[in-house]
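Report on the following structure.
The values are calculated or read from the model by the stated rules, or taken from the named source; none is laboratory data. What you see is a predicted model; the values in this text were computed from it and never measured. Virtual Cβ from ideal backbone geometry, glycine too; neighbours counted across all protein chains shown. For accessibility, only protein heavy atoms count, side chains too; no ligands or nucleic acids. Shrake-Rupley method; radii C 1.70, N 1.55, O 1.52, S 1.80 Å.
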Amino acid sequence: MSALLQAPGRPARTTTRRRRPRTGLALVVCVLSLVVAAMLGFHFLVPDIAGFGLLVESALPWLGLIVPVLVVAAFVSRSRGAILATVVPVVVWAVMFVPAIVPLAWTAPPASGSTLTVASQNVEAGSGTAGESARALADTGAQVIALQEMDDAGREEVAGVLGEAYPYTYGIGTVGVWSAYPIENAQALDLGLGWQRGIAADLATPSGLVSICVVHAASARPGDHAARDEMLANLADYPPRDENSRLLLMGDFNAASTDRSMAGLFDSLDEANQSGGGLGFTWPAAFPATRLDHVLQRGMEVVSHTTLRVGASDHLAVLTTLNL
């Protein structure tokens, strides 16, 4: 009867049912978004139970891969609140890592008349290619080559390759440095634990002395990194005591830039962005997933900063040029 009583020419009213949000999925997205944002922003508070803290800080940039999944899930949930929640980890990740992935080439100063190029690599004891790495790094034109994790055979190979072009050398334990410039005041760098895995010296460049340190920190594994933490804590005490305004600290730190054990070093030293952008991961060489190898400095301008694969080591090498 209602159809018969409808006024002629007036279209029938239709009702559309609004699709309800999927509350359960929306709640999961909100919770996970806040958890990811908290882990990013407060990673140094993540407890290191069973090595969880070490794993989180070593892979911290990779947490960003979770965010697109959360965004898709938020739209599937049809919840505005869930969609807004995903903005939080996006912003936190961007604040933390976007400045670090901007190519140095965009802002680097031009090379001055006096520059210093240094190369550093963990050559992996037993790889049998320490000499090959040394030759490739020498071909870059670096004036200083610092190598870590050398065994006796590797040290002999390197000495044979670099001896003529790099007449100044000093080494102790698993680390060594070869230089085209005179090395003065060379000594073992005490990092505690009684291990000889660090050296300190003055590099006599044409533009004056540059303090240089080469380190090979203890290995870090989930649940077993106390030795590394102690070595890096002792290392962080060194830069404030060094009287030279120009200081280079390089080597295998066995710690990512986001690792809380590196915080003391970043209080007084800087690490440049990669010349071509990105985060400059150095390990493992076959598929770099974290940055364990660093060149930190103060008192100089970094002109270029890159990684490269040489030899068969499981670490990439780091090559840095600085204005003196």
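At-a-glance table
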{"read-out": "Residue that is nearest to LEU45 (Cα to Cα), among those in the range 258-269 that are free of Cβ contacts under 8 Å to residues at least 40 places away in the same chain and open to solvent by less than 50 Å² (accessible area, probe 1.4 Å)", "value": "SER261"}
{"read-out": "Selection within the range 175-191 - buried (at least 22 other Cβ atoms within 10 Å of the Cβ) and either among the polar types (S, T, N, Q) or outside any strand (DSSP E or B) (or both)", "value": "SER179, LEU191"}
{"read-out": "Subset of the range 276-324 that is closer than 15 Å to THR129 by Cβ and either among the β-branched types (Val, Ile, Thr) or in a strand (DSSP E or B) (or both) - its residue that is farthest from the chain's Cα centre (by Cα)", "value": "VAL310"}
{"read-out": "Boolean, VAL46 is under 18 Å from VAL95 (Cα atoms) and either open to solvent by less than 40 Å² (accessible area, probe 1.4 Å) or in contact with a Cys (Cβ under 7 Å, 6 or more places away or on another chain) (or both)", "value": "no"}
{"read-out": "Search result, residues across the range 239-253 that are assigned to a loop (DSSP other than H, G, I, E, B) and surrounded by fewer than 24 Cβ atoms within 10 Å (Cβ to Cβ)", "value": "ASP242, GLU243, ASN244, SER245, ARG246"}
{"read-out": "Condition met for GLU156 (in a helix (DSSP H, G or I) and open to solvent by 40 Å² or more (accessible area, probe 1.4 Å))", "value": "yes"}
{"read-out": "Output for the range 106-118, where each listed residue is open to solvent by less than 50 Å² (accessible area, probe 1.4 Å) and out of contact with any Asp or Glu (no Cβ under 9 Å at 6 or more places or on another chain)", "value": "SER114, THR115, LEU116, THR117, VAL118"}
{"read-out": "Residue within the range 222-234 that is within 26 Å of ALA142 (Cα to Cα) and basic (Lys, Arg) present", "value": "no"}
{"read-out": "Pair list, Cβ < 6 Å and 6+ apart or interchain, from the range 42-62 residues that are closer than 19 Å to LEU292 by Cβ to residues that are in a loop (DSSP other than H, G, I, E, B) and among the β-branched types (Val, Ile, Thr)", "value": "GLY53/VAL46; VAL56/VAL46; GLU57/THR258; LEU60/THR258"}
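Conditions tested, residue by residue: (1) under 26 Å from ALA200 (Cα atoms); (2) polar (S, T, N, Q); (3) open to solvent by 60 Å² or more (accessible area, probe 1.4 Å).
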position: PRO68; (1), (2), (3): no, no, yes
position: VAL72; (1), (2), (3): no, no, yes
position: SER79; (1), (2), (3): no, yes, no
position: PRO89; (1), (2), (3): no, no, no
position: ALA94; (1), (2), (3): no, no, no
position: LEU104; (1), (2), (3): no, no, no
position: SER120; (1), (2), (3): yes, yes, no
position: GLU124; (1), (2), (3): yes, no, no
position: LEU147; (1), (2), (3): yes, no, no
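Listed here are the residues, each with its yes/no results for (1) in contact with a Pro (Cβ under 7 Å, 6 or more places away or on another chain); (2) touching a residue at least 60 places away in the same chain (Cβ under 8 Å); (3) on the phi < 0 side of the Ramachandran plot; (4) open to solvent by 20 Å² or more (accessible area, probe 1.4 Å).
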| position | (1), (2), (3), (4) |
| --- | --- |
| LEU193 | no, no, no, yes |
| ALA218 | no, no, yes, no |
| ASP224 | no, yes, yes, yes |
| GLU230 | no, no, yes, yes |
| ASP237 | no, no, yes, yes |
